[in-house]
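Student: Got a structure here, written out as structure tokens. Questions coming.
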Amino acid sequence: MNFGQVLTAMVTPFNHNEEVDFNATRTLVNYLIANGSDGLVIAGTTGESPTLTQEEKVELFKFVVEVVDGRVPVIAGTGSNNTRASISLTRQAEAAGVDGIMLVTPYYNKPSQEGLFQHFSAIAHSTALPVMLYNIPGRSVVNMSVETIVSLSKIDNIVAVKEASGDLDAMAQIISKTSDFTLYSGDDGLTLPVLAIGGAGIVSVSSHIIGNEMQEMINSFKNGDVHGAAATHRTLLPIMKALFAAPSPAPVKSALNMRGVNVGGVRLPMVPLNEEEKRALQIALQPSNAEAILLNK
């Protein structure tokens, strides 16, 4: 399945009581589709999945599928460090009508490579949906090896990986050793380098704010304008860094609120930006400090 080249790991809007705000979710979904998102990842880390209940996740899946109405792929974050729980949530996501699932490497319990293989294999075999693996050792502690990813790619419905290890050598090996398998960058700042080694695109946080500009960068590269793509990358990089200057998703939620796309705050243990952090973010988002935004707005 072709998920697209810019997938947004969508934040979960909350109201003033820190409950899921479905009206704001509708607005956000439509905003993202209109501003460069080829697909949406729901209830991932950026969506504050650790603090969402299973019931909230399922309601989000159903609601987003309804709002999207087939316009872009909807990918549900159903991975966890509990294989049985992930299978249960995956089956509910499939019943909700999502187009695919994303499975993060199990965190905290630190499985072996064989344990990782068995975990992802068991979940993949429990569903007919296409599966995107998600390797993020900085959060999960465990790093999925090239060999494990290549072995998993041979399972029919495991079709992609979101690679957030930052290891371009490993990513190049994955691309070389797999067929009919797609690699996405999991780091906004590595989007262009990952394209250069054969990656397909990005599962992005920054695309909430600069989705059209990221599309422009990718299209420039794919159309042979390498210098133009590089110039856009250099212009966008300070914005990407600003959106991760504090633990995510607090900065991107603040940026959306500043833009008039109201998504509320974050749930503990995440905390909102302080006043100094907000000022720094506002400066980074000013058109004078972001030529690409100035040219495209």
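Student: Just for helices (runs of 4 or more DSSP H) wholly inside segment 137-205: which have at least 2 residues that are closer than 25 Å to Y108 by Cβ? Steps first, please.
Tutor: On the way: elements: 137-140, 146-153, 168-177, 191-196.
Ranges flagged: 137-140, 146-153, 168-177.
Student: Taking only pairs six or more apart or across chains, which ones have beta-carbon atoms under 6 Å, a first residue in segment 229-245 that is within 25 Å of E277 (Cβ to Cβ), and a second residue that is open to solvent by 30 Å² or more (accessible area, probe 1.4 Å) and not small (G, A, S)?
Tutor: T235/E291
Student: Taking L256 as the residue in question, decide whether it is touching a residue at least 60 places away in the same chain (Cβ under 8 Å), assigned to a loop (DSSP other than H, G, I, E, B) and not basic (K, R). Before the answer, list the steps.
Tutor: Numbers: touching a residue at least 60 places away in the same chain (Cβ under 8 Å): yes; assigned to a loop (DSSP other than H, G, I, E, B): no; not basic (K, R): yes.
When the stated conditions are applied, L256 does not pass them.
Student: Restricting attention to segment 68-87, does a residue exist that is surrounded by fewer than 19 Cβ atoms within 10 Å (Cβ to Cβ), out of contact with any strand residue (DSSP E or B) (no Cβ under 6 Å at 6 or more places or on another chain), assigned to a helix (DSSP H, G or I) and acidic (D, E)?
Tutor: no
Student: Has segment 113-123 got any residue that is farther than 21 Å from G186 by Cα and either at pLDDT below 95 or open to solvent by 60 Å² or more (accessible area, probe 1.4 Å) (or both)?
Tutor: yes
Student: Can you name the number of the only condition in (1) closer than 19 Å to Y108 by Cα; (2) surrounded by 21 or more Cβ atoms within 10 Å (Cβ to Cβ) that V41 fails?
Tutor: Answer for V41: the failing condition is (1).
The values are calculated or read from the model by the stated rules, or taken from the named source; none is laboratory data. Keep in mind that what you see is a predicted model, and the values were worked out from it rather than measured. Positions of Cβ are backbone-derived with ideal geometry, glycine not excepted, and every protein chain shown enters the neighbour counts. SASA here: full protein model, heavy atoms, side chains in, ligands and nucleic acids out. Shrake-Rupley method; radii C 1.70, N 1.55, O 1.52, S 1.80 Å.
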